[in-house]
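Remarks on the structure that follows.
The values are calculated or read from the model by the stated rules, or taken from the named source; none is laboratory data. In this text the structure is predicted, and so the values were computed from the model without any measurement. Cβ coordinates were reconstructed from backbone atoms using ideal geometry, including for glycine residues, and neighbour counts include every protein chain displayed.
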Amino acid sequence: MEHAKLYINGMTCINCQTRIQNALTKHPGITQAAVSYETETADILYDSSVISLEQIQGLIDELGYSASVQKTSRAKIVNQTLRELDIIVILYFLLRHFGILNYLAPASLTDAQMGYGMLFVIGLITSVHCIAMCGGINLSQTLQKILSHLRTYLVRCFKMQLPIRPDVLFLTR
């Protein structure tokens, strides 16, 4: 048996953690898998004669995440994001320059006399809204765990019992 620690990129919630962990534990050759959304890691105990570390990484990649033995730096993630944004902007200007956007636009857009720049800005605003909604959902899922840790800390350190509920925190100003 061998032990491996993998760093996983792309997890956005606890469900991602559960999905990866279930997929790993169901696979032959993997005897134990502990995936953590909070630390973006997976601790895996596996039989190297049945499955290799590269195959385990491939399993995680097939689920839509990326796994590596070394932690990906934030600078690398930022650079990748900037490259993707560059590609989007270049593609937009190429499509606009060659007039292809006119064929892709719905008739209602041309009837409203809305420019592509305005449509692009609306798309950006909408995406920020979606990111905020995902953040809110993520917060609501993890808030219960944070409060549980806070209660445990207060009991251990200060011998205090506080009736803190998530709905009370949202009502405070």
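Output yes when any residue across the range 63-77 is free of Cβ contacts under 8 Å to residues at least 40 places away in the same chain, out of contact with any strand residue (DSSP E or B) (no Cβ under 7 Å at 6 or more places or on another chain), closer than 30 Å to Asn22 by Cβ and of a type in the set (Val, Ile, Thr), and no when none is.
Let us first name the residues in the range 63-77 that are free of Cβ contacts under 8 Å to residues at least 40 places away in the same chain, namely 73-76.
Applying the additional criterion that residues be out of contact with any strand residue (DSSP E or B) (no Cβ under 7 Å at 6 or more places or on another chain) yields 73-76.
Then keep just the ones that are closer than 30 Å to Asn22 by Cβ; that gives 73-74, 76.
Cutting the leftovers down to of a type in the set (Val, Ile, Thr) gives us none.
No, because not a single residue in the range 63-77 is free of Cβ contacts under 8 Å to residues at least 40 places away in the same chain, out of contact with any strand residue (DSSP E or B) (no Cβ under 7 Å at 6 or more places or on another chain), closer than 30 Å to Asn22 by Cβ and of a type in the set (Val, Ile, Thr).
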_Among the numbered criteria (1) at pLDDT 90 or above; (2) under 26 Å from Gln141 (Cα atoms); (3) not in a helix (DSSP H, G or I), which one does Asp61 miss?_
(3)
_So Ile87 ticks every box in (1) surrounded by 13 or more Cβ atoms within 10 Å (Cβ to Cβ); (2) under 23 Å from the mean Cα position of the chain (by Cα) but one. Which box is left unticked?_
(1)
*When you look at Ala42, is it exposed (fewer than 14 other Cβ atoms within 10 Å of the Cβ), closer than 26 Å to Gly136 by Cα and either small (Gly, Ala, Ser) or over 13 Å from the mean Cα position of the chain (by Cα) (or both), yes or no?*
no
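A quick yes/no check of all residues on (1) charged (D, E, K, R); (2) at pLDDT 90 or above; (3) in contact with a strand residue (DSSP E or B) (Cβ under 8 Å, 6 or more places away or on another chain):
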site	(1), (2), (3)
Asn9	no, no, yes
Leu24	no, yes, yes
Pro28	no, yes, no
Tyr37	no, no, no
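Per-residue answers, yes or no, for (1) at pLDDT below 75; (2) more than 26 Å from the chain's Cα centre (by Cα):
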{"position": "Leu95", "(1), (2)": "no, yes"}
{"position": "Leu104", "(1), (2)": "yes, yes"}
{"position": "Gln113", "(1), (2)": "yes, yes"}
{"position": "Tyr116", "(1), (2)": "yes, yes"}
{"position": "Val121", "(1), (2)": "no, no"}
{"position": "Ile131", "(1), (2)": "no, no"}
{"position": "Gly136", "(1), (2)": "no, no"}
{"position": "Ile146", "(1), (2)": "yes, no"}
{"position": "Cys157", "(1), (2)": "yes, yes"}
*Specify the residue that is nearest to Asn15 (Cα to Cα); the eligible residues are those in the range 32-62 that are among the hydroxyl-bearing types (Ser, Thr, Tyr) and touching a residue at least 40 places away in the same chain (Cβ under 8 Å).*
Tyr46
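Looking for whichever is surrounded by fewer than 11 Cβ atoms within 10 Å (Cβ to Cβ) and modelled with pLDDT of 70 or more here; the options are Val168, Val78. Which one fits? If you could, list the steps in order and put the result at the bottom.
Values: Val168 fails: modelled with pLDDT of 70 or more.
Exactly one residue qualifies, and that residue is Val78.
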*Output for the range 1-28, where each listed residue is of a type outside the set (A, V, I, L, M, F, W, C), surrounded by 14 or more Cβ atoms within 10 Å (Cβ to Cβ) and not in a helix (DSSP H, G or I)*: Tyr7, Asn9, Gly10, His27
*Odd one out for Ile60 among (1) buried (at least 18 other Cβ atoms within 10 Å of the Cβ); (2) in contact with a Gly (Cβ under 6 Å, 6 or more places away or on another chain)*: (2)
